[in-house]
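The values are calculated or read from the model by the stated rules, or taken from the named source; none is laboratory data. In this text, all values refer to a predicted model and were calculated from it rather than measured experimentally. Cβ placement follows ideal geometry from the backbone for every residue including glycine, while neighbour counts extend to all protein chains displayed. Note: areas computed on protein heavy atoms with side chains; ligands, DNA, RNA excluded. Shrake-Rupley method; radii C 1.70, N 1.55, O 1.52, S 1.80 Å.
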Amino acid sequence: MSNVSGWDAIVIGAGAAGMMCAAVAGQRGARVLLVDHAERLAEKIRISGGGRCNFTNRHAGPAQFISENPHFARSALARYTAADFVALVKRHRIGFHEKHKGQLFCDESAEDIIGMLRAECEAGGVRWAVPSRVRRVGRAGAAFEVEFEQGSGLGTQQARRVVIATGGLSIPKIGATDFGFRIARQFGLRVVEPRPALVPLTFDATQWAPFVPLAGVSLDVHARCAEAAFDEDLLFTHRGLSGPAILQISTFWSPGAAVEIDLAPQFAGASLAEALLAAKRGGRQALHTVLAQLLPRRLAEGWLASQGIDGMPRIADAPDRLLRTLAQSLTRWRLVPSGSEGYRKAEVTRGGVATDELSQATLESRRVPGLHFIGEVVDVTGWLGGYNFQWAWSSGHAAGIAVGPG
């Protein structure tokens, strides 16, 4: 294998962002070496979307991304849009369909997206070093040196540019590491403290005990935390709450903060109390029966038990004040998580290489010319629903243009 004078770019990390970057740079004439330590390529793509890869969202734009600088992602997202990636998918004749809220999934398998990216890399003459582990990244005059672990047969390779596309800390069992953050700090770049995002929230066992019987119950809710609010599904678990609504607000949640959930958003707040009071007039049914006509039965029965309310007496005998209190408990459920399921269940990592350290247009370090950071390793985190993949494609494309000699 060539040992430069040699590579225009060494891309470390062969996931979504890394393969996109390598393919774009290679097709522009750059000599690219693509490196990854994992035995299986792009495992995060493979497992996403239930194996069908929610590969982008038609509505992707800066508003769906969280960062210290909320405008940072604008340039890359504008230069390579969801429509651009869809055009690539169509060119490779991959069938796809749209689910709710602009989410696009493969008809068949996430393997189709991996195969497409591999084909794009091959079209650019990208050389692969998979699996290979990097021991050190350093400078050698104007170039970079990438030293590989013994046994790889690669020794030390030199390159004009290095692109770090190693992702965050999410899902360590499929190979996530802090490599990218260590490289950033090594070169003096600031890193926004990483934390799990798009992750189920957990609660103290004593606090959660009344709700354990509700594990498995799923329903549409309105969930709010800090400045964020989402209308999505919620799922009760044995340890806490999950489902899209909770995954979304988990990105905005900070330890000690409360979340507020409306478990009956279809009643628009006070109207749940009105519905219960209306049912009371002349009502012969038991309270739990009436509530089960308005909400999922398991939730109705379990919620009454969690609130210490006897659901057996007729609703006609229930005091108005109790019905109003019951309605408020369901529509303004306020609770403080004790934590989250952590990186093992988090879909992405919030935080990462600070955006003020990087060029918006090229993702290149402002203080270390030739060193780029793309994808999840950067402090740009998208909502659930294909947005994080779009950031991978857009940031990878921006860096690929920058490192290509054309």
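Please verify whether Gly396 is more than 20 Å from Ala257 (Cβ to Cβ), assigned to a strand (DSSP E or B) and either without any contact (Cβ under 8 Å) to a residue 40 or more places away in the chain or touching a Gly at 6+ places or on another chain (Cβ under 8 Å) (or both), treating the condition exactly as stated.
Numbers: more than 20 Å from Ala257 (Cβ to Cβ): yes; assigned to a strand (DSSP E or B): no; either without any contact (Cβ under 8 Å) to a residue 40 or more places away in the chain or touching a Gly at 6+ places or on another chain (Cβ under 8 Å) (or both): yes.
Spelling it out, it is not the case that Gly396 is more than 20 Å from Ala257 (Cβ to Cβ), assigned to a strand (DSSP E or B) and either without any contact (Cβ under 8 Å) to a residue 40 or more places away in the chain or touching a Gly at 6+ places or on another chain (Cβ under 8 Å) (or both).
In this structure, does Arg136 turn out to be modelled with pLDDT of 95 or more, charged (D, E, K, R), over 30 Å from Gly240 (Cα atoms) and open to solvent by 20 Å² or more (accessible area, probe 1.4 Å)?
Numbers: modelled with pLDDT of 95 or more: yes; charged (D, E, K, R): yes; over 30 Å from Gly240 (Cα atoms): yes; open to solvent by 20 Å² or more (accessible area, probe 1.4 Å): yes.
Yes, satisfied.
Would you call Gly385 part of a loop (DSSP other than H, G, I, E, B), open to solvent by less than 40 Å² (accessible area, probe 1.4 Å) and either aliphatic (A, V, I, L, M) or at pLDDT 95 or above (or both)?
Working: part of a loop (DSSP other than H, G, I, E, B): yes; open to solvent by less than 40 Å² (accessible area, probe 1.4 Å): yes; either aliphatic (A, V, I, L, M) or at pLDDT 95 or above (or both): yes.
The answer is yes for Gly385.
If you go through segment 295-324 one residue at a time, how many are in a helix (DSSP H, G or I) and either aromatic (Phe, Trp, Tyr) or farther than 23 Å from Val212 by Cβ (or both)?
If we filter segment 295-324 for residues that are in a helix (DSSP H, G or I), which is where we start, we get 297-306, 315-317, 320-324.
When the remaining residues are screened for being either aromatic (Phe, Trp, Tyr) or farther than 23 Å from Val212 by Cβ (or both), the result is 303, 315-317, 320-324.
Of the residues in that region, 9 qualify.
Looking at (1) in contact with a Leu (Cβ under 8 Å, 6 or more places away or on another chain); (2) over 21 Å from Ile113 (Cα atoms); (3) buried (at least 24 other Cβ atoms within 10 Å of the Cβ), which is the only condition Val403 fails?
(1)
Among the numbered criteria (1) under 22 Å from Arg161 (Cβ atoms); (2) surrounded by fewer than 19 Cβ atoms within 10 Å (Cβ to Cβ); (3) not aromatic (Phe, Trp, Tyr), which single criterion is violated by His92?
Every listed condition holds for His92 apart from (1).
Could you please give the count of residues in segment 107-128 that are assigned to a strand (DSSP E or B) and under 24 Å from Ser48 (Cβ atoms)? Walk me through how you get there before you give the answer.
Here is the first cut: in segment 107-128, the residues assigned to a strand (DSSP E or B) are 127-128.
After this cut, where a residue has to be under 24 Å from Ser48 (Cβ atoms) as well, the list is 128.
Residues flagged as assigned to a strand (DSSP E or B) and under 24 Å from Ser48 (Cβ atoms) within segment 107-128 amount to 1.
How many of the residues making up segment 185-215 are open to solvent by less than 50 Å² (accessible area, probe 1.4 Å) and either over 30 Å from Leu299 (Cα atoms) or within 25 Å of the chain's Cα centre (by Cα) (or both)?
Within segment 185-215, residues that are open to solvent by less than 50 Å² (accessible area, probe 1.4 Å) and either over 30 Å from Leu299 (Cα atoms) or within 25 Å of the chain's Cα centre (by Cα) (or both) number 15.
I need a count of the residues in segment 353-379 that are over 17 Å from Ala16 (Cα atoms), in a strand (DSSP E or B) and open to solvent by less than 10 Å² (accessible area, probe 1.4 Å).
The number of residues fulfilling the criteria is 4.
Kindly evaluate Thr349 against the criterion of being outside any loop (DSSP other than H, G, I, E, B), more than 26 Å from Ala87 (Cβ to Cβ) and touching a strand residue (DSSP E or B) at 6+ places or on another chain (Cβ under 8 Å).
Numbers: outside any loop (DSSP other than H, G, I, E, B): yes; more than 26 Å from Ala87 (Cβ to Cβ): yes; touching a strand residue (DSSP E or B) at 6+ places or on another chain (Cβ under 8 Å): yes.
Here the answer is yes, as Thr349 does meet what is asked.
Quick one: in segment 143-176, which of the residues that are part of a loop (DSSP other than H, G, I, E, B) and without any contact (Cβ under 8 Å) to a residue 40 or more places away in the chain is most open to solvent (accessible area, probe 1.4 Å)? Steps first, answer last, please.
So in segment 143-176, the residues part of a loop (DSSP other than H, G, I, E, B) come out as 149-155, 165-171, 175-176.
Now restrict to residues that are without any contact (Cβ under 8 Å) to a residue 40 or more places away in the chain: 149-152.
Working: Glu149: 79, Gln150: 169, Gly151: 86, Ser152: 41 Å².
Filtering first and then ranking leaves Gln150.
Given (1) of a type in the set (A, V, I, L, M); (2) buried (at least 17 other Cβ atoms within 10 Å of the Cβ); (3) within 27 Å of Val259 (Cβ to Cβ), identify the lone condition not met by Val336.
Only one criterion is unmet by Val336, namely (2).
Can you list residue pairs whose Cβ atoms sit under 7 Å apart, with the first residue in segment 294-312 being touching a residue at least 24 places away in the same chain (Cβ under 8 Å) and the second being open to solvent by 30 Å² or more (accessible area, probe 1.4 Å) and among the polar types (S, T, N, Q)? Count only pairs 6 or more apart in sequence or on different chains.
Close Cβ pairs satisfying both conditions: none exist.
For segment 249-295, what are the residues that are polar (S, T, N, Q) and open to solvent by 30 Å² or more (accessible area, probe 1.4 Å)?
Taking segment 249-295 first, the residues polar (S, T, N, Q) are 250-251, 254, 266, 271, 285, 289, 293.
Answer for segment 249-295, where residues must be polar (S, T, N, Q) and open to solvent by 30 Å² or more (accessible area, probe 1.4 Å): Ser254, Gln266, Ser271, Gln285, Thr289, Gln293.
Note down all Cβ pairs under 9 Å where the first residue falls in segment 251-265 and is under 21 Å from Leu214 (Cβ atoms), the second is surrounded by 12 or more Cβ atoms within 10 Å (Cβ to Cβ) and among the acidic types (Asp, Glu), and they're at least six residues apart or on different chains.
Partner pairs satisfying both residue conditions: Pro265/Asp220; Pro265/Asp231.
Exactly one of (1) surrounded by fewer than 17 Cβ atoms within 10 Å (Cβ to Cβ); (2) assigned to a helix (DSSP H, G or I) is unmet by Pro131. Its number?
Unmet for Pro131, out of (1) surrounded by fewer than 17 Cβ atoms within 10 Å (Cβ to Cβ); (2) assigned to a helix (DSSP H, G or I): (2).
What residue, of Arg52, Arg74, is within 16 Å of Met116 (Cβ to Cβ), touching a residue at least 12 places away in the same chain (Cβ under 8 Å) and among the charged types (D, E, K, R)? Reasoning before the result, please.
On the way: Arg74 fails: within 16 Å of Met116 (Cβ to Cβ).
Unique residue meeting the criteria: Arg52.
Report whether or not Gly49 is of a type outside the set (Asp, Glu), over 20 Å from Glu149 (Cβ atoms) and open to solvent by 30 Å² or more (accessible area, probe 1.4 Å). Walk me through it before giving the result.
Values: of a type outside the set (Asp, Glu): yes; over 20 Å from Glu149 (Cβ atoms): yes; open to solvent by 30 Å² or more (accessible area, probe 1.4 Å): yes.
Yes.
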